[in-house]
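Novice: Here's a structure for you.
Nothing in this text is a laboratory measurement; each read-out follows from the coordinates by a stated rule. Everything quoted here is computed from the prediction, not taken from an experiment. Don't worry about glycine lacking a Cβ; one is built from the backbone with ideal geometry, like all the others, and counts go over all protein chains shown.
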Amino acid sequence: MTVDRRKFLSVAALVPAALATPSVLQLSSVASAQDAAAKPAKSPVIMRRRIGEIEVFALMDGYGIFPNGMFPSFEVKAGEAAAKLAHVPFDPATFRIGINAYLIKTKDRIIAVDAGAPAGMSPTMGGWANALAAVGVTPEQIDMMFLTHIHVDHVGGLADPKTGNKILTNAPLVVSEAEWKFVHDDGIYAAQSKDFKPLWDISRAKVKPYDGVKSLIQPGAEIAPGLTTVALPGHTPGHLGLRIDSGKESLLIWGDVIHGTAFQFTQPDWSFPLDADQVKAAETRKAILDMVTAEDMMVAGMHLDFPGFGFVERANGAYRFVAAPYDYRA
Ligand SMILES: [Zn+2]
C-alpha cells in the first residue's frame, strides 16, 4: 500500500458518492481532522473472559471518527437524546466507531474472528496484530480464521501490506458462501460508488491469498464444537454472527449489527450507508436485539465500544446496552 493510497483512504473515502453532499463532505473533513489529531493506544489493549470452558479475548484494533450524517436518518435532537441515554458524550458533527476483533481458545483450537482494519489506514486503527501478540498468540498458531463478513475493517490483518502474502499460514479462511460470492461478483462491484471501490479492492486483496484454503459455509454451520454461525443478512448478504455455547454460558458475537453505540440502541431503525441493504439490516438488527433481550444473552460486537461484551435491555421503547461485569475467573 503506497503512501498516496493511504492518504486517499481518509474518512471521506468511506462516504459513498450518494452521500457526498457538501454538508457531509464538510463533516468528513472535521472527522478527518479529529482522526489525525487522535493518538493510537500506546499499548495493545485486550480483554479476556470465559464462556464456560472456552476463553474469548477481545482485541482492540482501534476506532474511527465518522460524520453523524453517515446515518441518513440522523437528526440532532434525536441523536443527542440517544447519546445521553447511552452515556456517550454527544458531538453534533461526529461519532466514534470502535473496531474490535475476537480470539477464541478452546481446549485444542485457536480461532480468530475478524482481523481489524489495515495498519496505516488511519492512525487510530490497525492494532489487531499487536493485540494478538499481547494475548501471546502468533499468527502461525491460529487454526482457523472466521470472518463475519468481508469488509475492509474486518480483514485488515490477513495479508502483509507490502508483499500481499498471507499472515495466517496455518489457518483456513471460513466465511459464508453468500459473502464470498457477493464480494467477488464483478457486476456488484461495478455498481459500487467510486469512493467505495478502493475499499472493496483492499478487501478482495486481503482474502485473495486464502483462496486455496477457504471453506465456504452456510448459516447455522457449526465451525467447531460449541461454535455455531448465525445468519445476520442486511449489512452484507452473507453477514454471519458466531454463537459460542459452553456449559451453561453463551455469547453471541454479532459482527456489525450495531455501528454506533451512541445512537442505534435507541434508534434501531437508523441504518448505515455501508449496509448493503439498509431495510434488511434494520430488520435483522431489531430481530437480534429482541432475541438477546428475551434470552438475556451476552453479546459482543466489532463496533461496540471496547471490549464490547454486554447485555441488551428494553428501555424507553427501544433498547439499551449494558456492559458485562469484568470476568475475574482464571
Ligand atoms: Zn465493520
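Novice: Give, as a single signed number, the net charge of other residues whose beta carbon lies under 12 Å from the beta carbon of residue 78, with Lys and Arg counted +1 and Asp and Glu -1.
Specialist: Working: positive: 77, 84; negative: 75, 80, 269.
So the surrounding residues net to -1.
Novice: In whole percent, what relative contact order does the range 114-206 give with Cα contacts below 8 Å and a gap of six or more residues? Before the final figure, lay out each step's value.
Specialist: On the way: 130 pairs, mean separation 28.5, N = 93.
In percent, rounded to a whole number, it is 31.
Novice: Okay, next question. Do any chymotrypsin sites (Phe, Trp or Tyr not before Pro) in the range 232-330 lie in a loop, going by DSSP, with at most 13 other beta-carbon atoms within 10 Å of their beta carbon, and if so which? Please report the intermediate quantities before stating the final value.
Specialist: Numbers: sites: 254, 263, 265, 270, 309, 311, 319, 321, 326, 328; in loops: 254, 263, 265, 270, 309, 326, 328.
Qualifying residues, ordered by number: 326, 328.
Novice: Using the C-alpha atoms of the chain, what convex hull volume per residue, in cubic angstrom, is computed? Don't skip to the answer; put the middle values down first.
Specialist: Working: hull volume 41.8 nm³, N = 330.
Normalising the Cα hull of the chain by residue number yields 127 Å³.
Novice: When the Cα atoms of the range 214-260 are enclosed in a convex hull and the volume is divided per residue, what value in Å³ results? Spell out each step's value before the answer.
Specialist: Values: hull volume 3.7 nm³, N = 47.
Spelled out: Cα convex hull of the range 214-260, divided by residues, is 79 Å³.
Novice: With Cβ to Cβ distances under 15 Å as the rule, what net charge do the other residues near residue 104 carry (K, R +1; D, E -1)?
Specialist: On the way: positive: 48, 49, 50, 105, 107, 109, 243; negative: 53, 55, 108, 114, 143, 222, 245, 249, 327.
Result for the local shell: -2.
Novice: With each label point set 7 Å from Cα along the Cα-Cβ vector, what nm distance links residue 277 and residue 190?
Specialist: 2.2 nm
Novice: Restricting to Cα pairs below 8 Å that are 6+ residues apart, what does the relative contact order work out to for the chain? Please round to a whole percent. Spell out each step's value before the answer.
Specialist: Values: 723 pairs, mean separation 60.2, N = 330.
Over the chain, the number comes to 18 percent.
Novice: If you bin every alpha carbon distance in the range 84-220 into 10 Å steps from zero, what whole percent lands in each bin?
Specialist: Values per bin, smallest distances first: 11, 39, 33, 14, 3.
Novice: Taking all pairs of different Cα atoms in the range 215-323, averaging 1/r and flipping that mean, what Kirkwood radius in angstroms comes out?
Specialist: Working: mean 1/r = 0.0713 Å⁻¹.
Here the Kirkwood hydrodynamic radius works out to 14.0 Å.
Novice: Let me ask something else. Describe numerically, in nm with one decimal, the distance between label points set 7 Å from Cα along Cα→Cβ at residue 316 and at residue 90.
Specialist: 0.8 nm
Novice: Tell me, what does the Kirkwood hydrodynamic radius of the range 68-128 come to in angstroms if you use every pair of distinct C-alpha atoms?
Specialist: On the way: mean 1/r = 0.0690 Å⁻¹.
Value: 14.5 Å, from the Cα pair sum.
Novice: Here is a further query. Convert 4 °C to kelvin, take the viscosity as 1.567 mPa s, use the Kirkwood radius over C-alpha pairs of the range 265-330 as Rh, and evaluate the Stokes-Einstein diffusion coefficient in µm²/s, rounded to a whole number.
Specialist: 101 µm²/s
Novice: If r is the Cβ-Cβ distance from residue 296 to residue 160 and R0 is 45 Å, what FRET efficiency results, to the nearest 0.05? Working shown, then result.
Specialist: On the way: r = 42 Å, r/R0 = 0.94.
Efficiency at R0 = 45 Å is approximately 0.60.
Novice: Could you calculate the contour length gain from residue 177 to residue 287, that is, 0.36 nm times the residue separation minus the distance between their Cα atoms, to one decimal place in nm? Don't jump to the answer; show the numbers that get you there.
Specialist: On the way: separation 110, 0.36 × 110 = 39.60 nm, distance 2.27 nm.
Between residue 177 and residue 287, full extension yields an extra 37.3 nm.
Novice: Just rank 87, 184, 149, fewest to most, by other beta-carbon atoms within 10 angstrom. Don't jump to the answer; show the numbers that get you there.
Specialist: Numbers: 87 10, 184 14, 149 25.
Ranked by crowding around the Cβ, least crowded first: 87, 184, 149.
Novice: Given the peptides 124-130, 283-289, 57-63, arrange them by the average over their residues of other C-beta atoms within 10 Å, most packed first. Write out the running numbers ahead of the final one.
Specialist: Numbers: 124-130: 23.0, 283-289: 19.4, 57-63: 26.0.
Put in order of decreasing packing, that is 57-63, 124-130, 283-289.
Novice: I need the phi-derived Karplus couplings for the range 264-276: 6.51 cos²θ - 1.76 cosθ + 1.60, θ = phi - 60°, integer Hz, Gly and Pro marked x.
Specialist: 6, 6, 7, 10, x, 7, 6, 8, 10, x, 7, 6, 4
Novice: When the scattering of the range 155-200 is computed by the Debye formula from its Cα atoms alone, each counted once and equally, what is log10 I(q)/I(0) at q = 0.22 Å⁻¹?
Specialist: The Debye formula, applied to the Cα set alone, gives -0.96.
Novice: Say each of residue 213 and residue 323 gets a label point 7 Å from the Cα, pointing the same way as Cα to Cβ; how far apart are those two points in nm?
Specialist: Going from the residue 213 label point to the residue 323 one covers 3.6 nm.
Novice: Something else: Would you tally the net charge around residue 188, using a Cβ to Cβ cut-off of less than 14 Å, leaving residue 188 out, and scoring K and R as +1, D and E as -1? Working shown, then result.
Specialist: Values: positive: 181, 197, 204; negative: 179, 185, 186, 201, 277.
Here the charged neighbours net out to -2.
Novice: If you don't mind, another one. What span do the alpha-carbon atoms of the range 153-302 cover on each of the three principal axes, reported in whole Å from largest to smallest?
Specialist: 46, 37, 25
Novice: Among 107/248; 162/208; 181/208; 105/248; 162/206; 214/280, which pairs are too far apart, with a Cα-Cα distance over 21 Å? Don't skip to the answer; put the middle values down first.
Specialist: Working: 107/248 17 Å; 162/208 14 Å; 181/208 13 Å; 105/248 17 Å; 162/206 12 Å; 214/280 27 Å.
Pairs exceeding 21 Å: 214/280.
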